[in-house]
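Colleague: Here it is, the structure in full.
The values are calculated or read from the model by the stated rules, or taken from the named source; none is laboratory data. Just so it is clear, the structure is predicted and the values come from calculations on it, not from any experiment. So basically every Cβ, Gly included, is an ideal-geometry build from the backbone, and we count neighbours across all protein chains shown. These area figures cover heavy atoms from the full protein model, side chains too; ligands, DNA and RNA do not enter into them. Shrake-Rupley method; radii C 1.70, N 1.55, O 1.52, S 1.80 Å.
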Amino acid sequence: MVSPVTVVKSEGPKLVPFFKATCVYFVLWLPTSSPSWFSALIKCLPIFCLWVFLLAHGINFLVSHRSASRILAGLIFSAVGDAFLIWQEQGYFIHGLLMFAITHILYSSAFGMKPLDLKAGLLMGFVSSSCYAFLYSYLSGPFTYLVAVYIALIGFMGWRAVAGVQLCNDLWTWTKLSACVGAMLFMVSDLTIALNEFCFPVPYSRFIIMATYYAAQMLIALSAVETRDEEDFRKRS
């Protein structure tokens with residue numbers, strides 16, 4: 001297994017643009033009350049940097065490793081979803097929801113169905129059902145069904161990420177753990193959006209949503225490079 005120190009040395013420099021773009025977003029903190037293409041660009045810029053991060057590993061790597069290419073595709077749909085949500089008050093919230101639903105399907109496919117880990121599945125099913133049960137009384141119209149489908153998809157994605165860790169069997173790698181933590185942070189981000197959008201104002205909601213979202217996307221992007229890191233490590237050894 002590749003050590004975390006080796007990973008930091010090999011992958012850290014490629015993530016510098018992402019960290020800089022994230023800092024730009026939080027420093028500028030453009031008001032959401034006046035959406036524009038500039039604010040959309042600033043919001044999407046960290047995700048664009050994660051595209052570059054994955055592309056820096058080579059087109060051949062992405063083509064030959066389906067999990068990495070699916071995560072890249074998920075990041076692309078995420079950026080489109082981010083852009084739609086800039087104009088959510090103008091009626092594009094559902095469009096953003098759809099883009100992120102596709103993202104979760106792609107991430108679930110990237111994480112795979114092995115090992116199955118039904119216990120983790122039952123746990124994530126319970127968490128997802130509890131979240132929907134709480135939100136249900138606040139929902140109306142098509143959101144009653146759309147939110148149910150979305151929660152099911154992100155819960156499934158979380159299950160596949162958690163199932164891959166296998167801490168008890170000592171079969172985990174740093175990238176599987178990265179995917180797991182990333183998926184959990186994504187769920188926190190989306191739950192905060194749902195509470196703030198449908199239930200009640202969440203204090204510091206925008207900061208919580210974006211901080212957990214960017215961290216989640218970075219960790220999920222990192223989970224795509226496991227095979228490449230192992231190959232490079234073996235060559236150096």
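Colleague: Within the range 63-111, how many residues turn out to be at positive phi and touching a residue at least 60 places away in the same chain (Cβ under 8 Å)? Outline the logic, then answer.
Modeller: Let us first name the residues in the range 63-111 that are at positive phi, namely 91.
Retained after the next criterion (residues that are touching a residue at least 60 places away in the same chain (Cβ under 8 Å)): none.
Residues flagged as at positive phi and touching a residue at least 60 places away in the same chain (Cβ under 8 Å) within the range 63-111 amount to 0.
Colleague: Hey, any hits in the range 74-87 for a residue that's open to solvent by 50 Å² or more (accessible area, probe 1.4 Å) and polar (S, T, N, Q)?
Modeller: So far as the range 74-87 goes, no, none of its residues is open to solvent by 50 Å² or more (accessible area, probe 1.4 Å) and polar (S, T, N, Q).
Colleague: Let me ask something additional. Under 8 Å between Cβ atoms, at least 6 apart or on separate chains: pull out the pairs that start in the range 32-55 with a residue that is within 12 Å of residue 76 (Cα to Cα) and end on any residue that is among the polar types (S, T, N, Q).
Modeller: Qualifying pairs under 8 Å: 46/22; 46/217; 47/78; 47/217; 50/217.
Colleague: While we're looking at this one, here's another question. In the range 40-58, what residues are out of contact with any Phe, Trp or Tyr (no Cβ under 8 Å at 6 or more places or on another chain), farther than 17 Å from residue 10 by Cβ and either open to solvent by 10 Å² or more (accessible area, probe 1.4 Å) or outside any helix (DSSP H, G or I) (or both)?
Modeller: 41, 48, 51
Colleague: If you don't mind, another one. Starting from residues that are among the small types (Gly, Ala, Ser) and under 18 Å from residue 81 (Cβ atoms), keep the ones in the range 28-39 and report whichever is least open to solvent (accessible area, probe 1.4 Å).
Modeller: Of the residues in the range 28-39, the ones among the small types (Gly, Ala, Ser) are 33-34, 36, 39.
Next, only the ones that are under 18 Å from residue 81 (Cβ atoms) stay: 36, 39.
On the way: 36: 42, 39: 12 Å².
Per the criteria, the residue is 39.
Colleague: Let me ask something else about it. Is one or more of the residues making up the range 59-71 in a helix (DSSP H, G or I), touching a helix residue (DSSP H, G or I) at 6+ places or on another chain (Cβ under 6 Å), among the aromatic types (Phe, Trp, Tyr) and within 17 Å of residue 179 (Cβ to Cβ)? I'd like the intermediate steps shown before the answer.
Modeller: To start, the set of residues in the range 59-71 that are in a helix (DSSP H, G or I) comprises 59-64, 66-71.
Remaining after also requiring touching a helix residue (DSSP H, G or I) at 6+ places or on another chain (Cβ under 6 Å): 61-62, 67-71.
Among the residues that remain, those that are also among the aromatic types (Phe, Trp, Tyr) are: 61.
The next check asks that each one be within 17 Å of residue 179 (Cβ to Cβ); those that pass are none.
No: the range 59-71 contains no residue that is in a helix (DSSP H, G or I), touching a helix residue (DSSP H, G or I) at 6+ places or on another chain (Cβ under 6 Å), among the aromatic types (Phe, Trp, Tyr) and within 17 Å of residue 179 (Cβ to Cβ).
Colleague: For the range 103-132, give me each residue that is assigned to a helix (DSSP H, G or I) and open to solvent by 70 Å² or more (accessible area, probe 1.4 Å). If you could, list the steps in order and put the result at the bottom.
Modeller: Filtering the range 103-132 down to residues assigned to a helix (DSSP H, G or I) leaves 103-111, 118-132.
Of everything in the range 103-132, those that are assigned to a helix (DSSP H, G or I) and open to solvent by 70 Å² or more (accessible area, probe 1.4 Å) turn out to be 105, 118, 119, 122, 123, 126, 129.
Colleague: Which of (1) within 17 Å of residue 11 (Cα to Cα); (2) open to solvent by less than 60 Å² (accessible area, probe 1.4 Å) is the odd one out, the single condition residue 25 does not satisfy?
Modeller: (1) is the only condition that residue 25 fails.
Colleague: Just a yes or no: is a residue in the range 182-191 aliphatic (A, V, I, L, M), assigned to a loop (DSSP other than H, G, I, E, B), in contact with a helix residue (DSSP H, G or I) (Cβ under 7 Å, 6 or more places away or on another chain) and under 20 Å from residue 89 (Cα atoms)? Explain how you work it out, then say what you get.
Modeller: Within the range 182-191, the subset aliphatic (A, V, I, L, M) is 183-185, 187-188, 191.
Narrowing the set further to residues that are assigned to a loop (DSSP other than H, G, I, E, B) leaves none.
There is no residue in the range 182-191 that is aliphatic (A, V, I, L, M), assigned to a loop (DSSP other than H, G, I, E, B), in contact with a helix residue (DSSP H, G or I) (Cβ under 7 Å, 6 or more places away or on another chain) and under 20 Å from residue 89 (Cα atoms).
Colleague: Select from the range 189-204 the residues that are open to solvent by less than 20 Å² (accessible area, probe 1.4 Å) and more than 11 Å from the chain's Cα centre (by Cα) and write down the one among them that is farthest from residue 142 (Cα to Cα). I'd like the intermediate steps shown before the answer.
Modeller: If we filter the range 189-204 for residues that are open to solvent by less than 20 Å² (accessible area, probe 1.4 Å), which is where we start, we get 189, 192, 194.
Now narrow it down to the ones that are more than 11 Å from the chain's Cα centre (by Cα): 192, 194.
Values: 192: 20, 194: 14 Å.
If we take residues in the range 189-204 being open to solvent by less than 20 Å² (accessible area, probe 1.4 Å) and more than 11 Å from the chain's Cα centre (by Cα), then 192 is farthest from residue 142 (Cα to Cα).
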